[in-house]
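Okay, structure first, notes after.
Every number here is computed from the coordinates shown, using simple stated rules; none is lab data. The structure displayed is predicted, hence computed values, not measured ones. FYI the Cβ positions are ideal-geometry reconstructions off the backbone, even for glycines, and counts take in every protein chain you see.
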Amino acid sequence: VCLTCCSRDVMVKINQICHQNNVKFFTGDVFGYHGFMFADLGDHEFVEEKPKMAKMNPSVDVGPEAKKAKLDSSETTMVKKRVTFCQLKEALSVDWSGEKAAAALKRIAPDYFLFQ
């Protein structure tokens, strides 16, 4: 489900319905130069491609550079990952007065508070 141009209450209500029924949910809007996008994909599984580490031959490589692991860009391995997304209601109800929140505050875009 994709929403735009909806009130906050409507977005939260539709997100709750989608989350209960395992339906992917996206919402966003633009206000002049500012905008937002939110995604609730529930329990989302995906595959990430990672380069394999090259095996080193200790008889050939000598010195400090030999100790560093080298990436082999020709070979890759697939890593299965899982991410659990939060609901919109949870994302909007963060208590910013705690110590953990104060540390995260530096990474939060000011647009989040405009949306509030």
(message) Could you compute the net charge surrounding Val83? Neighbours are other residues with a C-beta less than 12 Å from the C-beta of Val83; K and R count +1, D and E count -1.
(response) -1
(request) Report ³J(HN,Hα) in whole Hz for each residue of segment 27-41, in order, from the Karplus equation J = 6.51 cos²θ - 1.76 cosθ + 1.60 where θ = phi - 60°; Gly and Pro get x. (result) 9, x, 6, 10, 10, x, 7, 10, x, 8, 8, 9, 10, 10, 9
(message) Check which residues have an amide H placed less than 5 Å from Thr76's amide H, if you skip close sequence neighbours.
(response) Lys52
(message) Taking 0.36 nm per residue of sequence separation and subtracting the Cα-Cα distance, how much length would be gained by fully extending the chain between Cys5 and Phe46, in nm to one decimal?
(response) 11.8 nm
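Please give me the summed charge of the neighbours of Val10: other residues whose Cβ is under 14 Å from its Cβ, Lys and Arg +1, Asp and Glu -1. Please list the in-between numbers first.
Details: positive: Arg8, Lys13, Lys89; negative: Asp9, Asp29.
Spelling it out: positives minus negatives among the neighbours equals +1.
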